Amino acid sequence: MTTPPTDEREATLVRYRLYAGSLLVLAAAVWVATHYLPLPPVPLGYVRAAAEAAMVGGIADWFAVTALFRHPLGLPIPHTRLIPRNQARIADGVAAYIDREFLQHDVLVSRLQRFDIAERISRLLDSEDTRRKLVDGLMRFLPRMLDERAQPGVLEAVATAIRSGLASSNIRPAIARLVRHAVNHPDFGRLVDDFLERGIDWLEENRDEIRERVGARSYWFVPRFVDRHIADKTVGGVTDLLEALEDPASPERAEFDRWLATLPDSIERAEGGFERLPEVIKRILDHPDTSHIVAGALTTLKNTMLADLQDPQSRIRLAFDTVAKSLADQLDSLALRRDINAAVEAFFTENVPAWREEVRGFIVETLNRQQPEAFARRIELQVGKDLQFIRINGTIFGGLVGAGIHFVNRLLGG
């Protein structure tokens, strides 16, 4: 249910106060009228008794309702202004209620299971219109996030943070793990072969350029054909080595594969020339130009993304849409939805116990931070209409009870 705006709730409260007050004034007017109107004794007694009881009921309920929020008539009567005086107890009670009803382990697990977050995500992403709205929202958000005018200095700060974090950490184990993962990947051999093939092609395509450079660096008295011979021999030797490395059955390739296999361990144990790796990395990261280089790379990435986001055929949009559609298709699997729900449940059940005290403290602090009068006013605006019905009902029911008592009194000869 949507909560009405504050102004609308204010107007509603005033209107129902007027209804309750008007009914009380009507009862008083009838009571006064019974003293002056020439009515027969029997109906007069009933009307007067009903009016008196209605006034008593209306005034008593007005006092009770008013006493919740303020001193009636501004008089410091004991046990009035209850809500402002008990703000701390109410705040603690609200926090305890939320903790008990929402954050206890069994309750949380039960609610998460009923919520079935994976199924809800699946329903949302299954709709093409919802996916489009989601992607549109991301496309609107990204330019604002990347706009340096809105976030001045962010890229420089990120670059400095990256540099500082890398410089202060021993990243050798991480590098070793990355290299080990790469070397052991099934596609790594094909990647090496591709690089070797490209190297061979590059040497052949640039043979003339290599000859020119060798000739330019040679002595003046060395004949040109000798320079070309040296260049061709060099290119040929390197090409032969690359071709041997490309051959899975060659001794060179076997030796290269053995070196690759031991490379991660050498990095991790600081052997084979990797002893000074942390020092070299730290020296590079501490160089004043490094943060500018990183910031420049981030700026280039940002500008590339911004340009793409403005393109009607944006590749980022296409990527987002593809990811959303792929996720929707995969969520058709009951097993995957079950795994997602289990992961969400595990996350909350593992972390909520540590959060419970913080959540309770946050609720208590937030509610106690408000001024007592403002705190009471918010509650009154939320439930004030229903409280005014207590006054209305008290006035009407009081009148009926008064008439009933008068009837019983007459039966008993009073």
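The values are calculated or read from the model by the stated rules, or taken from the named source; none is laboratory data. These numbers were taken from a predicted model, which means no experiment stands behind them. Using ideal geometry, Cβ is built from the backbone for each residue, glycine included, and neighbour counts are taken over all protein chains shown.
Can you pull out every residue in the range 371-399 that is within 20 Å of V25 (Cβ to Cβ) and under 37 Å from the mean Cα position of the chain (by Cα)?
Answer for the range 371-399, where residues must be within 20 Å of V25 (Cβ to Cβ) and under 37 Å from the mean Cα position of the chain (by Cα): G384, K385.
State all residues of the range 323-345 that are more than 24 Å from the chain's Cα centre (by Cα) and either within 14 Å of L134 (Cα to Cα) or in a helix (DSSP H, G or I) (or both); if no residue qualifies, say none.
Passing the criteria: D329, L334, A335.
Would you be able to say whether some residue in the range 76-83 is hydrophobic (A, V, I, L, M, F, W, C), more than 30 Å from W355 (Cβ to Cβ) and either outside any helix (DSSP H, G or I) or more than 35 Å from the chain's Cα centre (by Cα) (or both)?
The answer is yes, given that some residue of the range 76-83 is hydrophobic (A, V, I, L, M, F, W, C), more than 30 Å from W355 (Cβ to Cβ) and either outside any helix (DSSP H, G or I) or more than 35 Å from the chain's Cα centre (by Cα) (or both).
Which of the residues spanning the range 205-221 are assigned to a loop (DSSP other than H, G, I, E, B) and surrounded by 12 or more Cβ atoms within 10 Å (Cβ to Cβ)? It would help to see each step written out before you state the result.
Our first condition is that a residue be assigned to a loop (DSSP other than H, G, I, E, B); within the range 205-221, this holds for 206, 218-221.
Within the range 205-221, N206, S218 qualify.
Which numbered condition in (1) closer than 26 Å to V56 by Cα; (2) in a helix (DSSP H, G or I); (3) of a type outside the set (K, R) is the only one that G413 fails?
Here G413 clears every test but (2).
Within the range 57-80, take every residue that is more than 30 Å from H406 (Cα to Cα) and touching a residue at least 60 places away in the same chain (Cβ under 8 Å) and give me the one that is surrounded by the most Cβ atoms within 10 Å (Cβ to Cβ).
By that ranking, first place goes to F69.
Go through the range 219-260 and report how many residues are within 55 Å of the chain's Cα centre (by Cα) and among the charged types (D, E, K, R).
Of the residues in the range 219-260, 8 are within 55 Å of the chain's Cα centre (by Cα) and among the charged types (D, E, K, R).
Name the single residue, out of those in the range 347-370 being under 20 Å from the mean Cα position of the chain (by Cα) and of a type in the set (A, V, I, L, M, F, W, C), that is farthest from V65 (Cα to Cα).
Within the range 347-370, the match that is farthest from V65 (Cα to Cα) is F347.
State which residue is farthest from A324 (Cα to Cα) when the search covers only the range 106-125 and only residues that are of a type outside the set (V, I, T) and more than 22 Å from the chain's Cα centre (by Cα). Lay out the reasoning, then the answer.
Applying the first criterion (of a type outside the set (V, I, T)) to the range 106-125 yields 106, 108, 110-116, 118-120, 122-125.
When the remaining residues are screened for being more than 22 Å from the chain's Cα centre (by Cα), the result is 106, 110.
Numbers: D106: 33, S110: 28 Å.
Checked the range 106-125; the qualifying residue farthest from A324 (Cα to Cα) is D106.
Being under 30 Å from A96 (Cβ atoms) and either outside any helix (DSSP H, G or I) or touching a strand residue (DSSP E or B) at 6+ places or on another chain (Cβ under 6 Å) (or both), is that true of even one residue in the range 349-369?
In the first step, residues of the range 349-369 are kept if they are under 30 Å from A96 (Cβ atoms); the result is 349-369.
Retained after the next criterion (residues that are either outside any helix (DSSP H, G or I) or touching a strand residue (DSSP E or B) at 6+ places or on another chain (Cβ under 6 Å) (or both)): none.
For the range 349-369, residues under 30 Å from A96 (Cβ atoms) and either outside any helix (DSSP H, G or I) or touching a strand residue (DSSP E or B) at 6+ places or on another chain (Cβ under 6 Å) (or both): absent.
Starting from residues that are small (G, A, S) and assigned to a helix (DSSP H, G or I), keep the ones in the range 272-322 and report whichever is modelled with the lowest pLDDT. Lay out the reasoning, then the answer.
Looking only at the range 272-322, we keep the residues that are small (G, A, S), and these are 272-273, 291, 295-297, 307, 314, 319.
Those left that are additionally assigned to a helix (DSSP H, G or I): 291, 295-297, 307, 319.
Details: S291: 62, A295: 65, G296: 70, A297: 70, A307: 81, A319: 84.
Out of the qualifying residues, it is S291.
Checking the structure you have, find out if any residue of the range 27-39 is in contact with a Phe, Trp or Tyr (Cβ under 8 Å, 6 or more places away or on another chain) and on the phi < 0 side of the Ramachandran plot.
Scanning the range 27-39, I find no residue that is in contact with a Phe, Trp or Tyr (Cβ under 8 Å, 6 or more places away or on another chain) and on the phi < 0 side of the Ramachandran plot, so the answer is no.
Given F320, F348, which one is touching a residue at least 12 places away in the same chain (Cβ under 8 Å), over 21 Å from T130 (Cβ atoms) and surrounded by 13 or more Cβ atoms within 10 Å (Cβ to Cβ)?
Only one candidate passes the filter, namely F348.
Residue-by-condition table, conditions (1) modelled with pLDDT under 85; (2) part of a helix (DSSP H, G or I):
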{"site": "G137", "(1), (2)": "yes, yes"}
{"site": "R149", "(1), (2)": "yes, no"}
{"site": "I162", "(1), (2)": "yes, yes"}
{"site": "N170", "(1), (2)": "yes, no"}
{"site": "I175", "(1), (2)": "yes, yes"}
{"site": "P186", "(1), (2)": "yes, no"}
{"site": "W202", "(1), (2)": "no, yes"}
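Checking the conditions here, which among V94, V109 is outside the structural domain of L387 (by TED's automatic domain parsing), in contact with a helix residue (DSSP H, G or I) (Cβ under 9 Å, 6 or more places away or on another chain), under 30 Å from A343 (Cβ atoms) and β-branched (V, I, T)?
None of the other options fit; the residue is V109.
May I ask you to list the residues in the range 324-336 that are over 14 Å from S127 (Cα atoms) and of a type outside the set (S, T, N, Q)?
Those that are over 14 Å from S127 (Cα atoms) and of a type outside the set (S, T, N, Q): L334, A335, L336.
Over 30 Å from R369 (Cα atoms) and crowded, with 17+ Cβ neighbours inside 10 Å: which single residue out of A54, A29, A33, A95 fits that description?
A54
Would you pick out the residues in the range 98-114 that are free of Cβ contacts under 8 Å to residues at least 12 places away in the same chain and either exposed (fewer than 13 other Cβ atoms within 10 Å of the Cβ) or assigned to a helix (DSSP H, G or I) (or both)?
Across the range 98-114, the qualifying residues are R100, E101, F102, D106, V107, S110, R111, R114.
Test G21 against the criterion of being small (G, A, S) and surrounded by 17 or more Cβ atoms within 10 Å (Cβ to Cβ), and give yes or no. Show your work before the answer.
Working: small (G, A, S): yes; surrounded by 17 or more Cβ atoms within 10 Å (Cβ to Cβ): no.
Judged against the criteria, G21 is not a match.
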